[in-house]
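Each reported figure results from applying straightforward, stated rules to the coordinates on display, with no laboratory input. What you see is a predicted model; the values in this text were computed from it and never measured. Because the Cβ atoms are built from the backbone with ideal geometry, glycine has one as well, and the counts that use them run over all protein chains shown.
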Amino acid sequence: MKKLASLIVLVLSLSCVALAADWPQFCGPARDGKSPETGLIHAFPADGPKVVWTVRLNEGFGSAAIVDGELYVIDHEGANDQIRCFDAATGQEKWKCEYEAPGKVDFKGSRGVPAVTDKYVIAVGPFGHAACVDRKTHEKVWLVNVLTDFGGKMPQWGVAQSPLVYKDSVILAPQNKQIGLVALDLATGKEKWRSEPLGGMAYVSPYLTKLDGVEQIIMLSDSTVVGVGPDTGKILWKYPAKVEGAKPWKPDNPIPAPVALGDGRFFLTEGYGGGSAMIKVTKAGEGWDVAELYKTQACGAQIQLPLLIEGYLYMGSNSNSRHEGLLCLRPEDGEVMWKTDKSPNFERGGLIYADGVIYAMEGDTGILRIVQPSPDGYKQLAQAKLLEGKQIWSPMAISNGFLFCRDQKQLKCVDLRANKTESTSDSQK
C-alpha cells in the first residue's frame, strides 16, 4: 500500500509539472496568445478568484514574461526604463536594472513584453531603447536604440514592439527608409544582418513560423506584410504586390501581427478603417507566390491578437470607431458567426486561450470573463472584476496555473488552478 501511495503521489506530481508552462515572450510560447496549460478553473467562486499578490507599476502597458518562476516586466519611471524581476509566486521584487531613456509621448509608459532566455532578458522601451540584461548578474549587457541607432524617427504613439529571439540572435524592427528588420548577436548586441526597408514603423512585433518547411520571420509594417529569412535578413516574399482588378488591403496603424492559419494562410486585421483580409503564401520554384483571398470590413481588431481556436477566429472587433465586441469569424470566407456588440463589449482588453476557454479582459472596466469558444454563439461561463480604471489594454500571461494582468497602476497575480496542490501566501506590495 505504501508503494502504491508513493506511486500515486509521483504520478500526480509529474502531472502537475506537465501542466505548467513558462510564458517567455510576447503572446506566449508560440506568440499566438495561447497557453498549453490545463487544469484551470472555468468558473469563479462566489467571492471571485483568489488574487495572490498585487504590485505597483508605473503608468503604462508593458506586460509580463515568466520563466523559471521569475516574472519580468519593463517599466518606465521619470526619464528611465526599468527591467524589473519579481518572484512569480510571491510578488517580491528580486532586482531591477535601470538605465536612462528620456522622452515624451502620448499614452505614457512602457508598451512591450520582454523576451527571456536561459541567460538574458531583452526588452524594448517606449522611446526605442532596447536593452539586454544578464539574469544572473542583473547588469546591462548591451543597449541600442531602434530609432536613433538605425536612422528612424519616433512614431506617433511611441515604440511598441516586443523583441523576438531566434537561436543566438534577437530580432528588432527599426522599420524606416533605410532598414526594415535587424538581427543583433544576443550576447554582444553586434549587428549580424539587416533587411531592406519594409515600410514605416507600425506597432507590430515580429514572429517566427514555417512555410513549406522554411523558417520565416513574419513582419507587418504600415504598408507591407513580408516573410524574412531569419538567418540572412533576405526578403522571401512581400504583400501587397499587384492584385489584379482590385486594390490590395492596406493598414493604417497596424498593431496585431498577422495570424498564421496553416496552409500558408495569414489573417490580417487592424482598427483604423482598414478592416481585415486573408492572404495565402505558396512556394513557387525558388520563390514564393502571394495571393489575396479576400478583404472584409466586417471586422477589425485594433490592439489585441485574434485567437485561432479549432478553425475559427475570435477577436475583439473594437477600435475608436468600431464597437462590435467579441466576434467569431469563419476564416475561410470571412463570415461573421456572431458578435457581442455592447453586451458585453470588451473594449480593447486582452484575450488569452488556455485549457479550452478564453480568458477575456474588458478594457474599460477591468472585468475578467471566461468564455467558452464556439461558432454557435457567445457562451460566458463566469466573470469577476479584477482591475481598475481605463485603457486596460495590456496583454495577459498565464504560467504555472496563474494569470498575470495589469491596469495603469498595478500588476496582479490571480490563481486559476482548479486543484490547489500547494499553498501560496498572499502579499500586498
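For the pairs Lys210/Lys412; Lys153/Lys280; Lys140/Lys409, note any where the Cα-Cα span goes beyond 28 Å. Check vs 28 Å cut-off fails for Lys210/Lys412; Lys153/Lys280.
Ordering Ser319, Ser394, Ser374 from the fewest to the most neighbouring beta carbons within 10 Å gives Ser374, Ser319, Ser394. Counting other Cβ atoms within 10 Å as a rough exposure proxy, the listed residues Phe44, Phe402 run Phe44, Phe402 from fewest neighbours to most.
Considering only Ala360, Trp95, Pro197, the residue lying farthest towards the positive end of the dipole of the chain is Trp95, judged by Cα position with unit charges set on Cβ. When the Cα positions of Gly125, Ala384, Ala46 are compared along the charge dipole of segment 19-428, Gly125 comes out farthest toward the positive end, with charges on each C-beta of Lys, Arg, Asp and Glu. Calculated from DSSP H runs of 4 or more alone, at -39500 (n - 2.57) each and per residue, what is the 222 nm mean residue ellipticity of the chain, nearest 500? It comes out at -1500 deg cm²/dmol, rounded to the nearest 500. For the chain, relative contact order (Cα pairs under 8 Å, six or more residues apart, normalised by length) works out to 15 percent. Loop-located trypsin sites (Lys or Arg not before Pro) in segment 331-366 (DSSP state other than H, G, I, E, B) with a sparse environment of at most 12 neighbouring Cβ atoms within 10 Å: Lys342.
Arranged from fewest to most other beta-carbon atoms within 10 Å of their beta carbon, Met337, Met396 become Met337, Met396.
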